[in-house]
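Quick notes on the structure that follows.
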Amino acid sequence: MTLFLCPVALYAAPASGRVVRPSAHYGYRRMRADLTKLQARYPYTLRAGVIGKTAEGRELMAALAGAPGASRHVLIHAGLHAREHMTCALAMMQLERLLRRHVPAGFNFHILPMMNPDGVAISQTGCGSAKARAIYMDDLRAGYATPPRKEALAAWKANAGGVDLNRNFEAGWERVDTRPAPSGANYRGDAPLSERESQALAAYTTRFKMAATVSYHASGGVIYCAFGPDCPANEKSRRLGHAISKRTGYRLEGDDGTSSGGYKDWAIEKLSIPSLTVEIGDGPAPLAIEEYRDIWRRNRDVPYAVARWVKKHS
Ligand SMILES: [Zn+2]
């Protein structure tokens, strides 16, 4: 008698009910637990792994949804700015939607749902390590922050070392409009890619031949789609931006020359990858949970819209 060995899918959790539920404080532990549950439920289409570790020991996660051998790669990341943590729930829900419905044939979606977990923890708990509290005291003295502390820390954008990770990439870094020292926001760091989080994101991006990248931020209901002088990657980013603007209803903006050092800037300038920054929501970050329904409606099919655009244009 031949013993037929069933693959691990036999033991996978039944695919009923949603795993990822948005909340005003969708945090690191929930994200980790949800990834574990999704992996158990979708063992053939989801691979998740650690791509780095923060200064406070939290793991930076990447989730890969796709079929082995698929040749097209799309990267979506969220939570690079701490107070914009609603983007983390959004990216996780997009991941689950891809798994529940289908991953477009020939595609790998690389979803990095929380690229600044230390900062997210500061924003969500309103407290932080001794270092973060010292940075807050410096911000108070410099007039960058106002008490009460809990509210000031809820608006924290940087990582736990006070570096704004979306000003830490090597694309016009030298002309970034920066605060002079570590701060809750807007300090570019001592050098490009000085931080573990930006290093991990850059290294992961270059491991695959990405056809497009989407960086989720908040807020403003706007899509930024260009960086620097005209070039083929800018032109493609603009066309991709049009497609995603149509899908989401967010307005499209080019490069007004005022910001640099961002991930999207680097992906366009240094890697020639069509890339967008999508700013969800209207109110100040952290966004109110009441905004989520509209945000989800606008963004739930963005991965499919990106895949359609990539298929048509590459
Ligand atoms: Zn942001």
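Work out the length of the dipole vector of the chain about its Cα centre, built from +1 on the beta-carbon of each Lys and Arg and -1 on the beta-carbon of each Asp and Glu, and round it to the nearest 20 debye.
Details: 43 positive and 29 negative charges, 262 e Å.
It works out to roughly 1260 debye.
Around Ala70, what is the net charge, scoring Lys/Arg as +1 and Asp/Glu as -1 over all other residues with Cβ under 13 Å from its Cβ?
Numbers: positive: Arg47, Arg72, Lys209, Lys311; negative: none.
Charge balance near Ala70 sits at +4.
Here are some pairs, Lys209/Lys236; Lys53/Lys264; Lys157/Lys209; Lys131/Lys264; Lys37/Lys131; which of them have Cα atoms lying more than 25 Å apart in this structure?
Details: Lys209/Lys236 16 Å; Lys53/Lys264 22 Å; Lys157/Lys209 29 Å; Lys131/Lys264 29 Å; Lys37/Lys131 34 Å.
Beyond 25 Å: Lys157/Lys209; Lys131/Lys264; Lys37/Lys131.
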Next on the checklist: Please report, ordered by residue number, every helix of the chain (full DSSP H runs) that is 15 Å or longer along its axis going by C-alpha atoms and whose mean Kyte-Doolittle hydropathy reaches -0.5.
Outcome noted: 86-100, 130-142, 302-313
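Determine the relative contact order of the chain: mean sequence separation of Cα pairs under 8 Å and six or more apart, normalised by residue count, in whole percent. Please report the intermediate quantities before stating the final value.
Working: 674 pairs, mean separation 55.9, N = 314.
Contact order relative to length: 18 percent.
Quickly estimate the mean residue ellipticity at 222 nm for the chain, helices only: each DSSP H run with n ≥ 4 gives -39500 (n - 2.57), and the total goes over all residues, rounded to 500.
Values: 10 runs with 113 residues, N = 314.
-11000 deg cm²/dmol, from helical runs alone.
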Next on the checklist: Report the gain in length on full extension from Asp230 to Ala130: 0.36 nm times residue separation, minus Cα-Cα distance, nm rounded to one decimal.
Outcome noted: 31.5 nm
Item to check | Residue (of Phe227, Ala191, Ala202) at the positive-pole extreme of the range 187-236, dipole from beta-carbon charges | outcome: Ala202
Item to check | Arg29-Asp190 pseudo-label distance in nm [points 7 Å out on the Cα-to-Cβ vector] | outcome: 3.3 nm
Checklist entry - If only Cα atoms are counted, what is the Rg of the range 146-194, and what is its Dmax, in Å? => result 11.3, 35
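Using Cα-Cα distances under 8 Å and only pairs 6 or more residues apart, what relative contact order does the range 29-188 have, in percent?
Working: 309 pairs, mean separation 33.1, N = 160.
That works out to 21 percent.
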Checklist entry - Fully extended, how many nm does the chain gain between Asp177 and His242 (0.36 nm per residue separation, minus their Cα-Cα distance)? => result 20.6 nm
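Please report, in debye to the nearest 20, how large the charge dipole of the range 13-95 is about its Cα centre when each Lys and Arg carries +1 at its beta carbon and each Asp and Glu carries -1 there. Kindly include the intermediate steps, with their values, before the conclusion.
Values: 12 positive and 4 negative charges, 37 e Å.
Its charge dipole is roughly 180 debye.
Packing-wise, with mean Cβ within 10 Å as the measure, how do 194-204, 237-247, 114-124 rank, highest first? List each step's numbers first, then the result.
Numbers: 194-204: 20.9, 237-247: 19.1, 114-124: 28.5.
So the peptides 194-204, 237-247, 114-124, ranked by packing, come out 114-124, 194-204, 237-247.
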Checklist entry - Which percentage, to the nearest 5, of the DSSP beta bridges contained in the chain is antiparallel? => result 40 percent
Item to check | Over the chain: Rg over Rh, Cα atoms, Kirkwood Rh | outcome: 0.98
Item to check | Percent of Cα-Cα distances greater than 21 Å, calculated over the range 178-285 | outcome: 39 percent
Checklist outcome for this item: If the chain between Ser314 and Arg300 were fully extended at 0.36 nm per residue, the gain over the current Cα-Cα distance would be 2.7 nm
Checklist outcome for this item: Answer in debye to the nearest 20: the dipole magnitude of the range 196-310 about its Cα centre, from +1 Lys/Arg and -1 Asp/Glu charges placed on Cβ, is 600 debye
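Nearest-5 percent of antiparallel DSSP beta bridges in the range 145-279? Please report the intermediate quantities before stating the final value.
Working: 3 of 11 bridges.
Beta bridges within the range 145-279, antiparallel portion: roughly 25 percent.
Rule-based calculations on the coordinates, nothing more; no lab input. Worth saying up front: this structure is predicted, and the values here are computed from it rather than measured. Glycine gets a Cβ as well: all are built from the backbone with ideal geometry, and neighbour counts include every protein chain shown.
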